[in-house]
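Notes for the one structure printed next.
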Amino acid sequence: MKIILLHGLYMHGIALIPLRNRLQEAGHDVLNLSYNTVFPDLDTLFAEMDAFIDAQPTAIVAHSMGGVITRVYLEAGSEMSRFVEPVITLGTPHQGSEVAAFFRKIGLGELMFQDSCKFLLPENEPSWPDNVTLYSLAGDMAIGPARVLVNNGEPSDGTVLIVETKITGMASHEVFPLTHTGMILSRRIADRIIEILG
């Protein structure tokens with residue numbers, strides 16, 4: 001099966017190479033995209049996605065902000081987006097990021113996140129497009145900035161709160177004992193992705 005990998009904020013496709021390799025070993029055709037996460041050029045990124053899909057069934061596996069970008073891609077409704085099924089997100093703040101909100105509150109949000117603010121801090125509560133199955137995978141090993149900056153007792157993967165990884169319209173939600181970055185390096189997560197894809 002064709003699979004598009006999308007990384008998260010401040011990352012590069014290099015971070016997803018171990019996951020890409022595991023998916024390729026399982027027989028999948030994988031496109032591991034890189035994009036500028038603070039100034040994303042969505043027209044170029046979405047054109048690359050469309051070209052790879054090429055009217056073939058394609059899954060998208062996205063880490064963190066990459067999952068939000070995936071939803072925006074599906075909502076844009078290109079001809080190729082109708083071939084996407086399913087989407088698997090890893091630690092995606094579908095509802096917005098409390099950590100990003102903290103930095104905006106102290107006046108650093110726009111400086112740190114630039115154009116990605118609109119993805120990390122949505123004005124309205126989003127819902128998942130009802131024509132694509134979403135499997136949302138989350139972590140609960142709270143090692144990271146969320147534990148220090150968002151002190152409300154909410155379980156998290158250290159960067160994204162578990163509650164933020166839920167969105168109306170998702171097909172399933174699973175929690176693993178992993179950190180935010182640990183999710184993209186975990187063999188258990190890779191195995192679960194392969195299992196979902198059948």
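Laboratory data are not the source of any read-out in this text; all were calculated from the coordinates shown. As the structure is a computational prediction, the values presented were derived from the model and not from experiment. As a convention, Cβ positions derive from the backbone with ideal geometry for all residues, glycine included, and neighbour counts pool all protein chains shown.
Charges were assigned to the Cβ only: +1 to each Lys and Arg, -1 to each Asp and Glu. The resulting dipole of the chain about its Cα centre is roughly 540 debye. Our note on the geometry: Cα centres of segment 51-99 and segment 18-33, 17 Å apart. Annotation: segment 128-198 has a Kirkwood hydrodynamic radius of 12.8 angstrom, from the mean reciprocal C-alpha pair distance.
Build a GNM of the chain with springs between Cα atoms under 10 Å apart, and of Arg20, Arg71, Arg187 the one that fluctuates most is Arg187. With the convex hull drawn over the C-alpha atoms of segment 4-100, the volume per residue is 94 Å³. Couplings 3J(HN,Hα) for segment 162-173, derived from phi with the Karplus relation 6.51 cos²θ - 1.76 cosθ + 1.60 (θ = phi - 60°), are 4, 4, 6, 7, 9, 8, 4, x, 6, 7, 7, 9 Hz, where x marks Gly and Pro. Amide H to amide H distances under 5 Å link Ala59 with Lys2, Ile3, Ile4, Glu85, where only residues 5 or more positions off or on other chains count and H is placed in the peptide plane. Model label points for Ile143 and Ala51, set 7 angstrom from Cα along the Cα-to-Cβ axis, are 3.9 nm apart. The string of couplings for segment 82-90 from the Karplus curve (6.51, -1.76, 1.60, θ = phi - 60°) is 6, 8, 7, 5, x, 10, 10, 10, 10 Hz, one whole number per residue in order, with x for Gly and Pro.
Relative contact order of segment 2-197, taken over Cα pairs closer than 8 Å and 6 or more residues apart, is 21 percent. Radius of gyration (Cα atoms) of segment 2-197, expressed as a multiple of 2.2 N^0.38 Å: 0.95.
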